[in-house]
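First comes the structure, then the notes that go with it.
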């Protein structure tokens with residue numbers, strides 16, 4: 001399964017990103033993009049999976065440190 005994930009960062013200080021990945025993101029996972037590490041606080045299914053693709057929205061917060 002390929003997951004197309006829309007990452008949105010809380011507080012709008014970061015533009016977020018859209019990524020394709022082979023593993024489903026989960027709450028508590030940490031992801032690095034654009035030189036910052038974010039932690040996922042919520043994952044929602046945008047639309048039901050089709051064929052081998054799933055479409056997800058992940059809300060994140062910047063991890064200090």
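The values are calculated or read from the model by the stated rules, or taken from the named source; none is laboratory data. This is a predicted model, so every value here is computed, not measured. No Cβ is skipped: glycine too gets one built from the backbone with ideal geometry, and neighbour counts run over all protein chains shown.
Looking only at the stretch 50-64, count every residue that is outside any strand (DSSP E or B) and without any contact (Cβ under 8 Å) to a residue 24 or more places away in the chain and tell me the total.
Counting residues in the stretch 50-64 that are outside any strand (DSSP E or B) and without any contact (Cβ under 8 Å) to a residue 24 or more places away in the chain gives 2.
Given (1) at positive phi; (2) in contact (Cβ under 8 Å) with a residue 24 or more places away in the chain, where does residue 28 come up short, assuming only one miss?
Residue 28 satisfies all of (1) at positive phi; (2) in contact (Cβ under 8 Å) with a residue 24 or more places away in the chain except (2).
How about the stretch 1-49: which of its residues are in a loop (DSSP other than H, G, I, E, B) and either more than 13 Å from residue 62 (Cβ to Cβ) or at pLDDT 90 or above (or both)?
1, 22, 23, 24, 25, 26, 27, 28, 29
If residue 34 passes every condition in (1) buried (at least 16 other Cβ atoms within 10 Å of the Cβ); (2) over 12 Å from the mean Cα position of the chain (by Cα) but one, which one does it miss?
Condition (1) is where residue 34 drops out.
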